[in-house]
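Engineer: Here's a structure for you.
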Amino acid sequence: MTNAINQRTLKTYAYAKINLGLRVWRRRSDGYHDVTTILQRISLCDLLALTPRAKEVEYVGPELTSEPADNLCIRAARAFQQCFGEEFGVRIELNKNIPIGAGLGGGSSDAAAVMRGMARLYEAELPLIWGTNSDPRASESLTEILLAAAAELGSDVPFFIHASMNRPKTNCSAAALAEGRGERLTPVKGLSPDLTIVIIFPGYEISTAWAYQTVEEFLTFTEIDIILINRNFLQYEGGIPFLEMGNDFEKPVFKTYPELAEARQWLLQAGALFAGLSGSGSALYGVFDGEAAIRVQQLGLPAVDKRGARQSWLSFVCRPF
C-alpha cells in the first residue's frame with residue numbers, strides 16, 4: 001500500500017430515490033420478489049466523510065440498526081474488503097438527512113457511497129492487487145465488480161452505483177428501469193431537472209418486510225390483478241409517468257395508513273403533475289412545476305396526521321438529479 005493512509009478525508013453525497021411506479025410480481029425461490037419499477041434519483045441526500053484506515057472499519061453516525069454489523073455502511077465496507085483486500089479499511093462518518101424507513105433508499109445509497117468512495121480513496125492501489133493474467137477480475141471493470149458486490153447488499157444498492165458512474169449526457173436526471181429484485185438495470189430518460197419534487201414524510205417507518213408480506217394478499221388472480229398487470233413500464237420514455245404507472249404497495253399501505261392516501265390526494269390537489277408512494281413507503285412524493293412547488297411551500301403540510309403530533313410530519317423540496 002502506498003501513502004493512501006495519509007490522504008485527506010473524502011466527502012461524498014448519497015442521494016435518495018423515488019419510484020415512478022412499482023409492480024410487484026411473485027415471490028422467488030430465494031425469498032425475494034421480482035419487481036418492475038422506474039428508479040429516479042433526487043437531490044435529497046446524506047453526507048458521508050470517508051478516511052482511509054489500515055484494515056480497520058470504523059463507523060461514526062446515528063445508530064441505524066440494533067446490531068452494528070447489520071449497518072449497511074459497515075457491510076458495504078466489508079464487501080469492498082472482500083473484493084479487494086482486508087488492508088483497505090475506512091473510517092465512515094455519516095450525516096443523515098434522508099428519513100429512515102421511508103422508501104427513499106437512504107440506507108442503500110449510503111452503502112453505494114461507501115463503496116464508491118473507497119474506490120476513489122484507493123484508486124492508485126487497486127490495480128496493484130491484480131496480476132495481469134493471474135486474476136480473472138483483471139479483465140473486469142471496477143463498475144462491474146462494485147455492481148456485483150452491491151447486489152449482495154440490497155436490491156437498490158446497484159442502482160446508486162450505476163447512477164453515479166453513468167451520468168446522463170443529456171439534460172435529464174439519472175433514472176433506470178429496474179427488474180428482477182432490482183439488480184437488473186436499464187438506463188432510461190429521467191425527469192427534467194427543471195421539475196420540483198416535494199417529499200412528505202409522516203415521521204414513522206413502514207417495515208419493508210411487512211409491506212411485501214401484505215401486498216401478496218392483493219396480488220391474486222382476481223380482476224384487480226388483471227388491471228395491475230396491464231401496466232407496461234417497458235414503454236416508459238421519460239417525462240411525467242402515465243397514471244397507470246401506479247405502485248402496487250399503495251393498496252395495502254393506504255388501507256392500513258389512510259392518512260397517507262389523504263396526503264397523496266393533498267399533493268394532487270396542490271397541483272402535483274403526478275404523486276405517489278415511494279417504494280413501500282412511508283414517504284410520498286409529488287412532481288411539480290416551479291410555480292406549483294412555490295404554492296405548496298406556502299400551504300404548509302397537510303393536516304392529516306392521525307398517528308401523533310402534527311409536528312412529526314416533515315417535508316423536503318428537491319429536484320430530479
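Engineer: When residues of the stretch 62-76 are filtered for being within 18 Å of the chain's Cα centre (by Cα) and in a helix (DSSP H, G or I), how many remain?
Structural biologist: 6
Engineer: Turning to a different aspect of this structure: Answer yes if at least one residue in the stretch 91-109 is outside any loop (DSSP other than H, G, I, E, B), over 21 Å from PRO158 (Cα atoms) and modelled with pLDDT under 95, and no otherwise.
Structural biologist: No, that holds for no residue.
Engineer: Determine which member of the set SER312, SER280 is touching a helix residue (DSSP H, G or I) at 6+ places or on another chain (Cβ under 9 Å), more than 14 Å from ARG264 (Cβ to Cβ), at pLDDT 65 or above and not charged (D, E, K, R).
Structural biologist: Values: SER312 fails: touching a helix residue (DSSP H, G or I) at 6+ places or on another chain (Cβ under 9 Å).
It is SER280.
Engineer: Same structure again: Tally time: how many residues in the stretch 36-71 are surrounded by fewer than 20 Cβ atoms within 10 Å (Cβ to Cβ) and in contact with a strand residue (DSSP E or B) (Cβ under 9 Å, 6 or more places away or on another chain)?
Structural biologist: 15
Engineer: Shifting gears a bit: Inside the stretch 26-46, can you point out the residues that are among the polar types (S, T, N, Q) and within 16 Å of LEU277 (Cβ to Cβ)?
Structural biologist: THR36, THR37, GLN40
Engineer: Got a sec? Which helices (runs of 4 or more DSSP H) wholly within the stretch 166-260 have at least 2 residues that are more than 16 Å from ASN19 (Cβ to Cβ) and at pLDDT 90 or above?
Structural biologist: Filter on the stretch 166-260 gives 250-256.
The values are calculated or read from the model by the stated rules, or taken from the named source; none is laboratory data. What you see is a predicted model; the values in this text were computed from it and never measured. When we count neighbours, we look across all protein chains shown, and the Cβ atoms used for this are built from the backbone with ideal geometry, even at glycine.
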